Amino acid sequence: MRSSDRPLEGWVAVVTGGARGIGLATATALRSRGARVAIGDVDEEAVHAAADSLGPDVVAGRLDVTDPNSFAAFVAHVEREIGSLDVLVNNAGIMPVGPMLDEPHAVARRVVDINLMGCMTGMKLALPGMLERRRGHVLNVASAAGRSPVPGGASYCATKAAIVALTETARVEFAGRGVDFTCVMPSFTRTDLITGTRVTRFIPAVTAAAVGEAIARAVVRRRPDVYVPAVVGPMLRMQPLLGRRLRDAVNRFIGADRSFLDIDHAARRDYDARIRGERRAS
């Protein structure tokens, strides 16, 4: 551990969308560093099973991030059980893919409600206490897709770009008041979200565990931006300097222009049903 690293022993961390994927991996990584962890998810059965897999000290409960009352009740439950929030990881999100004009309005609205409004609701609930105690860390899981165009992912990209802006704005607005902010931008991550899509060339898909570890390190080291894999950071920062024509040519070369358009619908059937609310969504 570096001298500037902070210990997380006893810190209370809440992770949304914690039943599976990046959320569960993040809870695992934070708990391994001594944090007291709570995971929430709209899939109540799955989130309790996930908590059981982590250990008896993990708090779990149903959390619908689109419902402010559900979010507030979950936070109150966590604070009664294990204490005031020190870390909030806004991870819950869904990713429908395919041509923008084929996406039903109800699906686009659901993406905004979960990915963006859920994140804002969590921040508004967690920040007052963190600011009062002058201690806390908010981590918002965006995506590399929030910094670069990905055809076939218009609603997803739009919400993730909004999260990038939201996180940076909060960092500036609340600077010097004891709360850190981190924007997490993974590339393709091997979770249900990318089922049936085409991974880009030359940038390997990462595991949920790798993203979870990167998030935990960001809390320990107070990093404002996290890219997974790390090589994505320089690539995204360089894109505005290339100009649109060269950027688009690079994206075509690595296959990013077709990743969310050339999809296996049969492989995504179960996931698509879940995020449309036909089954329990994560």
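The values are calculated or read from the model by the stated rules, or taken from the named source; none is laboratory data. As the structure is a prediction and not an experimental result, all values here were calculated from the model. Counting neighbours? That spans all protein chains shown, and the Cβs are built from the backbone with ideal geometry, glycine included.
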Within the range 247-273, tally of residues that are surrounded by 13 or more Cβ atoms within 10 Å (Cβ to Cβ), of a type in the set (Lys, Arg) and either at pLDDT 90 or above or in a loop (DSSP other than H, G, I, E, B) (or both): 2
Selected residue (only one of Pro204, Pro240 is over 30 Å from His105 (Cα atoms), part of a loop (DSSP other than H, G, I, E, B), at pLDDT below 90 and not aromatic (Phe, Trp, Tyr)): Pro204
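Checking the condition out of contact with any Gly (no Cβ under 7 Å at 6 or more places or on another chain), surrounded by 23 or more Cβ atoms within 10 Å (Cβ to Cβ) and either over 18 Å from Arg223 (Cβ atoms) or touching a residue at least 24 places away in the same chain (Cβ under 8 Å) (or both), which residue from Ser143, Ser148, Ser155 passes? Steps first, answer last, please.
Values: Ser148 fails: surrounded by 23 or more Cβ atoms within 10 Å (Cβ to Cβ); Ser155 fails: surrounded by 23 or more Cβ atoms within 10 Å (Cβ to Cβ).
On inspection, the qualifying residue turns out to be Ser143.
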Selection status of Val231, of a type in the set (Val, Ile, Thr) and exposed (fewer than 14 other Cβ atoms within 10 Å of the Cβ): yes
Residue within the range 18-32 that is among the charged types (D, E, K, R), within 19 Å of the chain's Cα centre (by Cα) and over 14 Å from Gly93 (Cα atoms) present: yes
Unique match (being surrounded by fewer than 23 Cβ atoms within 10 Å (Cβ to Cβ), in contact with an Asp or Glu (Cβ under 9 Å, 6 or more places away or on another chain) and not basic (Lys, Arg)) among Gly18, Gly55, Gly23, Gly34: Gly34
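Against the definition (in a helix (DSSP H, G or I), hydrophobic (A, V, I, L, M, F, W, C) and surrounded by fewer than 22 Cβ atoms within 10 Å (Cβ to Cβ)), how does Ala46 come out, yes or no? So that I can check it myself, show each step before the final result.
On the way: in a helix (DSSP H, G or I): yes; hydrophobic (A, V, I, L, M, F, W, C): yes; surrounded by fewer than 22 Cβ atoms within 10 Å (Cβ to Cβ): yes.
Taking the combined requirement at face value, the residue satisfies it.
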Unmet criterion (only one of (1) out of contact with any Ser or Thr (no Cβ under 7 Å at 6 or more places or on another chain); (2) in a helix (DSSP H, G or I)) for Ile22: (1)
Tally of residues being out of contact with any Ser or Thr (no Cβ under 6 Å at 6 or more places or on another chain), among the small types (Gly, Ala, Ser) and within 23 Å of Ala218 (Cα to Cα) across the range 61-116: 3
Arg217, sole failed condition from (1) at negative phi; (2) over 19 Å from the mean Cα position of the chain (by Cα): (2)
Positions within the range 159-200 being buried (at least 17 other Cβ atoms within 10 Å of the Cβ) and of a type in the set (A, V, I, L, M), in sequence order: Ala161, Ala162, Ile163, Val164, Leu166, Ala170, Val179, Val184, Met185, Leu193, Ile194
